[in-house]
1. Can you confirm whether ALA224 is in a strand (DSSP E or B), at pLDDT 95 or above and out of contact with any Lys or Arg (no Cβ under 8 Å at 6 or more places or on another chain)?
2. Could you list, in sequence order, all residues of the stretch 190-210 that are part of a strand (DSSP E or B), closer than 26 Å to LEU233 by Cα and among the aliphatic types (A, V, I, L, M)?
3. Of everything in the stretch 124-152 that's aliphatic (A, V, I, L, M) and under 19 Å from ASN69 (Cα atoms), which residue is surrounded by the fewest Cβ atoms within 10 Å (Cβ to Cβ)?
4. Please state which of the following conditions GLN160 fails to meet, knowing it meets all the rest: (1) open to solvent by 40 Å² or more (accessible area, probe 1.4 Å); (2) modelled with pLDDT under 95; (3) not charged (D, E, K, R).
5. What's the total number of residues in the stretch 161-189 that are over 16 Å from the mean Cα position of the chain (by Cα), under 20 Å from ALA217 (Cα atoms), of a type outside the set (A, V, I, L, M, F, W, C) and not in a helix (DSSP H, G or I)?
6. Tell me the residue from ALA180, ALA217, ALA227, ALA197 that is open to solvent by 40 Å² or more (accessible area, probe 1.4 Å) and not β-branched (Val, Ile, Thr), please.
7. Taking helices (runs of 4 or more DSSP H) that do not extend beyond the stretch 227-313, which have at least 2 residues that are at pLDDT 50 or above?
8. Do you know which residues across the stretch 238-254 are within 23 Å of LEU163 (Cα to Cα), surrounded by fewer than 24 Cβ atoms within 10 Å (Cβ to Cβ) and under 14 Å from the mean Cα position of the chain (by Cα)?
Amino acid sequence: MPSGALFDLGWVPRRRRPATARSVLAGEAAAEAARKSTQDAPPVEEAPAEPEFPVVGDTAAAAFFDLDNTVMQGAALFHFGRGLYKRHFFHKRDLARFAWQQIYFRLAGSENPEHMADVRNSALSIVQGHRVAELMSIGEEIYDEYMAERVWPGTRALAQAHLDAGQKVWLVTAAPVETATIIARRLGLTGALGTVAESVGGVYTGKLVGEPLHGPAKAEAVRALAAAEGLDLSHCAAYSDSANDIPMLSLVGHPYAINPDSRLRKHAREQGWRLRDYRTGRKAAKIGIPAAAGVGALAGGAAAAVALQRRRR
């Protein structure tokens with residue numbers, strides 16, 4: 001085989017041509033330009049990281065959490081009523097009314113002022129004449145029996161993040177301040193703002209001091225507490241499920257809609273507020289029924305209410 005035949009095969013590289021003066025010049029110019037471009041190029045700027053929140057050590061900040069359906073599934077007053085019924089504080093007809101109120105609350109997925117007034121009046125009539133200390137002691141037991149397992153883990157984690165950042169965390173609710181204080185203490189929170197029932201000599205009179213802590217009253221309570229605590233509301237956060245709490249949410253720099261009703265969800269999206277929904281299942285997301293309760297639990301509650309109403313007749 002001739003000596004040059006191997007170079008006809010494709011896998012054998014052909015002999016390179018010797019570099020000319022022009023090719024050497026071109027190579028050196030390219031190398032110099034490459035070095036110069038890297039030296040003259042502006043430094044690559046990283047995208048700014050999202051600000052840390054909650055801000056650790058910000059003593060001007062605090063967090064305010066609504067209770068019903070934000071921190072806990074359902075209405076605290078209903079669960080409290082169940083515990084009082086178990087202890088013979090009232091009759092079956094009252095239990096039927098409480099059951100229907102709870103079913104309404106779950107199906108509606110939001111608070112109605114007239115409905116809340118009915119719940120308030122029911123609760124006041126039940127506690128009238130009882131000692132505050134007695135109800136506080138019973139409240140501790142009721143929390144363990146009916147409320148502890150209904151706390152939303154996601155919302156609990158949000159509250160803990162504020163606590164870990166060294167901030168105070170307050171419940172803000174229309175529930176009695178005694179009940180709210182028990183729940184706040186058991187969750188390790190700072191304290192609670194709640195409806196104040198009048199008492200004389202440590203005994204409930206069946207009247208309120210002012211009105212229920214609901215809607216605009218919540219915003220006024222937060223404003224007053226912020227002034228007393230030296231807080232900057234633009235640094236604070238608030239969390240709620242209900243459009244009734246838009247006044248409170250609008251006060252702070254960091255409003256969150258948690259398990260929101262339809263009106264709050266719409267408003268939050270329009271305002272660019274953050275949303276968190278810890279309910280699962282399509283139906284729960286649509287009408288605000290806690291997934292853990294399920295349709296069966298609601299049906300059972302409704303059947304029980306109807307049966308109790310029939311017995312009254």
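The values are calculated or read from the model by the stated rules, or taken from the named source; none is laboratory data. As the structure is a computational prediction, the values presented were derived from the model and not from experiment. Positions of Cβ are backbone-derived with ideal geometry, glycine not excepted, and every protein chain shown enters the neighbour counts. Note: areas computed on protein heavy atoms with side chains; ligands, DNA, RNA excluded. Shrake-Rupley method; radii C 1.70, N 1.55, O 1.52, S 1.80 Å.
1. Spelling it out, it is not the case that ALA224 is in a strand (DSSP E or B), at pLDDT 95 or above and out of contact with any Lys or Arg (no Cβ under 8 Å at 6 or more places or on another chain).
2. So in the stretch 190-210, the residues part of a strand (DSSP E or B) come out as 191-195, 197-200, 203-208.
Within this subset, residues satisfying the condition of being closer than 26 Å to LEU233 by Cα are 191-195.
The answer is ALA192, LEU193.
3. ALA148
4. Failed condition: (2).
5. Of the residues in the stretch 161-189, 1 are over 16 Å from the mean Cα position of the chain (by Cα), under 20 Å from ALA217 (Cα atoms), of a type outside the set (A, V, I, L, M, F, W, C) and not in a helix (DSSP H, G or I).
6. Numbers: ALA180 fails: open to solvent by 40 Å² or more (accessible area, probe 1.4 Å); ALA217 fails: open to solvent by 40 Å² or more (accessible area, probe 1.4 Å); ALA197 fails: open to solvent by 40 Å² or more (accessible area, probe 1.4 Å).
Criteria check complete, one pass: ALA227.
7. Values: elements: 246-251, 262-271, 282-287, 294-312.
Filter on the stretch 227-313 gives 246-251, 262-271.
8. Hit for the stretch 238-254 is HIS254, nothing else.
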